[in-house]
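Notes to accompany the following structure.
The values are calculated or read from the model by the stated rules, or taken from the named source; none is laboratory data. Keep in mind that what you see is a predicted model, and the values were worked out from it rather than measured. Please note: Cβ atoms are built from the backbone with ideal geometry, for glycine as well, and neighbour counts cover all protein chains shown. These area figures cover heavy atoms from the full protein model, side chains too; ligands, DNA and RNA do not enter into them. Shrake-Rupley method; radii C 1.70, N 1.55, O 1.52, S 1.80 Å.
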Amino acid sequence: MRATDVIRQKRDGEALSEEAIDFFVRGVTDGSVPDYQATAFLMAVFWRGMTDQEAAWLTQAMTRSGDRADFSSIPGAKVDKHSTGGVGDKTSLVLAPLAAACGVIVPMMSGRALGHTGGTVDKLESIPGMTLSLDLDAMRGALAKVGCVLIQQTSRIAPADKKLYALRDVTATVESVPLICASIMSKKIAEGISALVLDVKAGRAAFMKTLDDARRLARLMVAIGNRSGVRSEALLTAMDVPLGRAVGNSIEVIESIETLKGRGPKDLEELSVALAARMVRLGGVAATNDEATAVVRRALASGAGVEKFRQIVEHQGGNPRIVDDYGLLPSAPHQETVPAPRGGIVTDIDAMEIGRASMVLGAGREKAEDSVDHAPGLWIRAHVGERVAAGEPLAELLFRDTRRAAEAASLVSKAFSIEDSAPPASPLILEEITT
Ligand code: URA
């Protein structure tokens, strides 16, 4: 078999055999298939798509490209959550400690910020001392002691995805249902979990712009997870406006801790509790979603969630005092508000523009190898449905580099719509996919 034959078959719209997919993924992993052929393959898949069977084989081949973690020595169900990414989405920081406080074992492997979307790893790295690169033994130790570990992708888990994702990122081939599915699910299946809750975002600031595409991606991921022995469910959720009020790295940590203290924004709390409740049910702690929601709400109200967050931070080398003293987190030297051009009610905030503004301020990265600054970001001061007077702040920008503030302010101004009457209520959770 030759790589060119596999590329040609896909270019011509043929379905690939399991052997062909396996051959190609092994070649990408060991370097015998060079980047230019891998890229041609990715573009062919982007245009021609894949059958569900091909996507399942691609996922399995990528899972086999590295190790599969084994946490069977730790009693209890191991459950993770994955989000397809959005702006202001810090639910992982809230729900991982909440689910762990309810008795679920949570080995959570997260990604970094890319493009306009934020990354859990970057947010957590703003905590002084916190390390997210743990090997499997250290992960096992953390799970046994704390019940939750938050890590970044290791080179031993799905290395084929590491290579393919980097190529997709620079060749405009990210937004493909089979490629996203295989990328996410190969890592999750290799992570040694028994169940997975997926938050598949739909909307203008999500990879999947339409509900139909998000539904197709969610159904495929749920089917492939279940077939691989990982009980999987998905919520389809809206990603048109930023989630919560903080967009940045250290300020998203602050908002997550505030949410764990019961003082967070309602949308962030609602989604975090809904996802944590699914984890709790799949983890066998509760029999129904209603029961699981009550268990999670108790952990939130009692402070057990925020205490678990403190333990996780401390166990991973971070300074646990940040939970009580946000001044210990990186902060930007300059602040500037973006004023409302007129009075009225905020009817819309374009999350894409807000994500871009946060990147301009230095909180995100353009390329995978770029570093992020943990301090800058922006607080939304008037969210959708809230009334503002002319000149009152819509958002507060936090930055180091004054040259960037004007560009970010113009993006933020463009993001807001202000009208005379309130917008119709729009749901955050759009659908649930369980089989
Ligand atoms: N997140 C991933 O891990 N992979 C993708 O392809 C998209 C989002």
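Tabulated data
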| quantity | calculated |
| --- | --- |
| Unit Cα scatterers, Debye sum, region 84-148: log10 I(q)/I(0) for q = 0.19 Å⁻¹ | -0.80 |
| Antiparallel bridges, percent of DSSP beta bridges restricted to region 54-203 (to nearest 5) | 10 |
| For region 13-165, alpha-carbon Rg relative to the globular expectation (2.2 N^0.38 Å, N residues) | 1.18 |
| Region 218-297, accessible area per residue, ligands and nucleic acids excluded (1.4 Å, Å²) | 30 |
| Cα-based helix-to-principal-axis angle, 250-260 vs the chain, degrees rounded to 10 | 80 |
| In degrees, nearest ten, helix 52-64 long axis to first principal axis of the chain (Cα) | 90 |
| Cβ charges +1 (Lys, Arg) and -1 (Asp, Glu), total dipole of region 210-249, debye | 180 |
| Of all accessible heavy-atom area on region 68-163, the percent that carbon and sulfur account for (1.4 Å) | 50 |
| Net +/- balance of residues flanking GLY229 in space, Cβ distance below 13 Å, scoring K and R +1, D and E -1 | +3 |
| Lysine pair number, Cα distance threshold 19 Å (strictly under), region 157-260, separation 8 or more or different chains | 7 |
| Accessible area of ASP137 in the full protein assembly, 1.4 Å probe (Å², nearest 10) | 110 |
| Residue-averaged 222 nm ellipticity for the chain, from DSSP H runs of 4+ at -39500 (n - 2.57), nearest 500 | -14000 deg cm²/dmol |
| Mean projected area (nm²) of the alpha-carbon convex hull when region 155-212 is viewed from all directions | 4.7 |
| Mean-position separation - Cα centroids, region 362-435 and region 184-255, in angstrom | 21 |
| Fraction of beta bridges assigned by DSSP in the chain that are antiparallel (%, nearest 5) | 55 |
| Portion, in percent, of the accessible area of region 264-421 that falls on carbon or sulfur, probe 1.4 Å | 47 |
| Between helix 266-282 and the chain: long-axis angle, C-alpha atoms, 0 to 90°, nearest 10 | 40 |
| For the chain, the longest site-free run once GluC sites (Glu not before Pro) in DSSP loop states with at most 15 other Cβ atoms within 10 Å are removed | 176-365 |
| Environment charge of THR347, counting only residues whose C-beta is closer than 13 Å and scoring Lys/Arg +1, Asp/Glu -1 | -4 |
| Extension reserve of the SER17-ALA144 stretch, reckoned as 0.36 nm per residue once the Cα distance is removed | 41.6 nm |
